[in-house]
Structure formats: C-alpha cells, structure tokens
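*Asks:* Questions regarding the structure given below will be posed in turn.
Values quoted throughout were computed directly from the atomic coordinates according to the rules given, and no laboratory measurement underlies them. Predicted model only: the values in this text are computed from it and were never measured. Backbone-built Cβ (ideal geometry, glycine too); neighbour counts: all protein chains shown.
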Amino acid sequence: MGRGTCLNREYYSGYTRYYYEDVTVGSRNSIKEHDEDLQIRKEMWNTLVGDVVVDCGAGFGSYTLLALANAASFVFAFEQDPEIASCLRRNLQSNRMLMATERATVSVRRLDDSKNTVDKYMEELSYPITRVDWIKIDVGSIPDTRLVLWGCQHTIKRFRPQILIADSEPPSVSFLEAYKITKIINGHSLLLPIR
C-alpha cells in the first residue's frame, strides 16, 4: 500500500469551509471517493445542528467531516483499515476550526462480528449516550452491511435515528419494520423512522 502526496482541498457546507486531504491508500483515493458521493451527501445526508452521528465505514471522513461542518454535536466514526483511519484522524486535525478533534472519535475496528458492534461500543463508553440521530453504514458488501446493521439494532430501537445505507435494497430485518425507504440514489438508501 502506497501513500501519495498529501494536499488539503477546500470544500464548503453553506458558509462553513472544511479541508480534506488528497491521499491515496492502496487503490483508494480520498478525493475521488469524496467527489463520487457528493450527490448522495447533498440529497440524503442532512445532518443538523446538535445531531449525534454514527459513521460505520467512515473511510477518509467525507461524511464525518460534513456532519461536523453542519454542526453535529458528536460523530462516532468506525473504520477498519488502520491506514485509512490514520488519514481520517489527520483530516479531523486539519479542521480545527470545526473543533473536529473534540467532537469526533475514530475507532479502528471491524463491526461485522458479535464481539465488535456499535451496540457494545456504546455500552462500554464511560458516559451515557442520550441520543443518536444518524447512522451511516458503508462497509463494502451486503453480508457485512447486514452484520453491522444487526450490531446496531439496540441503538436503532432505542433512538430511532435516520439511517443511510450503501445498498439500494437494505436487508429486511424485523427491527427496521418501523422504517420506510424515502430515497434511493446511486445505490444508497435513506431510511426514516415512521412516526
């Protein structure tokens, strides 16, 4: 895995400017991935001031940074690749004006087995979580998406967050019966709780 030249590029969310590192890790390029998902983030990733976000498969941080630029109060970012997670941490540090390092945590872990789940992570925190407004799952494959989703089921049942899944047909699981798909764009589905 080679790492390319690091340059920070500017992006905007409304009046908020944030920086994103142009880096290549293996066959993945951060700017290419960032720009490929622009439409999805613009039309589906509507995080608001004060939101608490869980980003499963955070990658280089395009969704995490946009949530912070939109004034989310906190982002829990999970990325399984240590080198990409390192780039995500650098992206957070480059965005000090967003207080990105104080409003986000990066956990390097796979979330596709019963020992490593979002639910277990939340239970092990030294402080109580009183809300989760968004969960994003983009972990590469449909079987992995299903496992990560099952590992979020208590968080989903308790907080009823909006869910963005990188799959045009999210897994049919009982705890999502109270959800409906409201949008599908470029293989991503937005699920909203039925109120």
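*Asks:* Sort 66-78, 156-168 by the packing proxy (mean of other Cβ within 10 Å over each peptide's residues), most packed first.
*Replies:* Per-residue mean Cβ counts within 10 Å order the peptides as 66-78, 156-168.
*Asks:* While we're on this one: Once each part is reduced to its C-alpha centroid, what is the distance from the stretch 11-84 to the stretch 121-159 in angstrom?
*Replies:* Using only Cα atoms, the two centres lie 17 Å from each other.
*Asks:* Of the options Phe175, Val52, Leu111, report the single residue whose Cα projects farthest towards the positive end of the charge dipole of the stretch 36-193 (beta-carbon charges: Lys, Arg +1; Asp, Glu -1).
*Replies:* Value computed over the given set: Val52.
*Asks:* From the C-alpha coordinates alone, can you work out the Kirkwood hydrodynamic radius of the stretch 108-190, in Å?
*Replies:* 13.2
*Asks:* Can I ask one more? Residue separation times 0.36 nm, minus the C-alpha to C-alpha distance between Ser114 and Thr130: what's the value?
*Replies:* 3.4 nm
*Asks:* Can you tell me the order of 172-185, 29-42 when each peptide is scored by its average per-residue count of other Cβ atoms within 10 angstrom, highest first?
*Replies:* 29-42, 172-185
*Asks:* Would you mind checking the radius of gyration and Dmax of the chain based on alpha-carbon positions, in Å?
*Replies:* Cα-based Rg and Dmax for the chain come out at 15.7, 48 Å.
*Asks:* Would you compute, from DSSP H runs of 4+ residues alone, the mean residue ellipticity of the chain at 222 nm, taking -39500 (n - 2.57) per run and dividing by the full residue count, rounded to the nearest 500?
*Replies:* -8000 deg cm²/dmol
*Asks:* Is there a quick way to get the dipole size of the chain? I mean about its Cα centre, with the Cβ of Lys and Arg at +1 and of Asp and Glu at -1; what is the value in debye to the nearest 20? Each step should come with its number before you reach the end.
*Replies:* Details: 24 positive and 25 negative charges, 87 e Å.
Here the size comes out at about 420 debye.
*Asks:* Give the long-range amide H neighbours of Ser107: residues separated by 5 or more places, or on another chain, with amide H under 5 Å away, using H modelled in the peptide plane at 1.01 Å from N.
*Replies:* Residues meeting the criterion, in which the H sits 1.01 Å from N, are Ala77, Phe78, Glu79.
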